[in-house]
Amino acid sequence: MGALAFVHAVVKRPRLATWRAMGLALLCALAVGAGHALEINQASEAELDSLRGMGPAMSRAILAQRQTKAFADWADLMRRVKGIGPANAERFAAQGLTVNGQVWPAQPPSGKP
């Protein structure tokens, strides 16, 4: 290997290593981000549509109801949006959906101090 080829190889390797490291960092960030909660009172239509079992009609119904008033809890969501019952609530919650910061199953207030 000539001196010029050696220098060229040495200069190229850090660039390749940098790109590999950046790609690995991006993949790690995406993997970590996939486990984060999705708050129904802040989610976009695209984010809602990304949930398995959530179709465009249900996403639009959620957004329409949310414009009138934010969802207080899971019971409020199920009462106001047709098609969301306990089974769908459990399915969406398993994918990270929360309602007003609450995870499913929402615990009813005990009434005790």
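The values are calculated or read from the model by the stated rules, or taken from the named source; none is laboratory data. Given the structure is predicted, the values throughout are model-derived calculations rather than measurements. No Cβ is skipped: glycine too gets one built from the backbone with ideal geometry, and neighbour counts run over all protein chains shown.
Can you tell me how many residues within the stretch 65-74 are assigned to a helix (DSSP H, G or I) and more than 20 Å from the chain's Cα centre (by Cα)? Before the answer, list the steps.
Quick first cut of the stretch 65-74, residues assigned to a helix (DSSP H, G or I) only: 65-68, 74.
From what is left, the residues that are more than 20 Å from the chain's Cα centre (by Cα) are 65, 67-68.
The qualifying residues number 3.
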When the stretch 77-96 is checked residue by residue, the ones that are among the small types (Gly, Ala, Ser), touching a helix residue (DSSP H, G or I) at 6+ places or on another chain (Cβ under 9 Å) and loosely packed, with under 13 Cβ neighbours inside 10 Å are GLY85
Count of residues meeting criterion [assigned to a helix (DSSP H, G or I) and within 14 Å of LEU38 (Cβ to Cβ)] in the stretch 75-109: 6
Of the conditions (1) under 30 Å from GLY101 (Cα atoms); (2) modelled with pLDDT under 60; (3) not in a helix (DSSP H, G or I), GLN42 clears all except one; give me its number. (2)
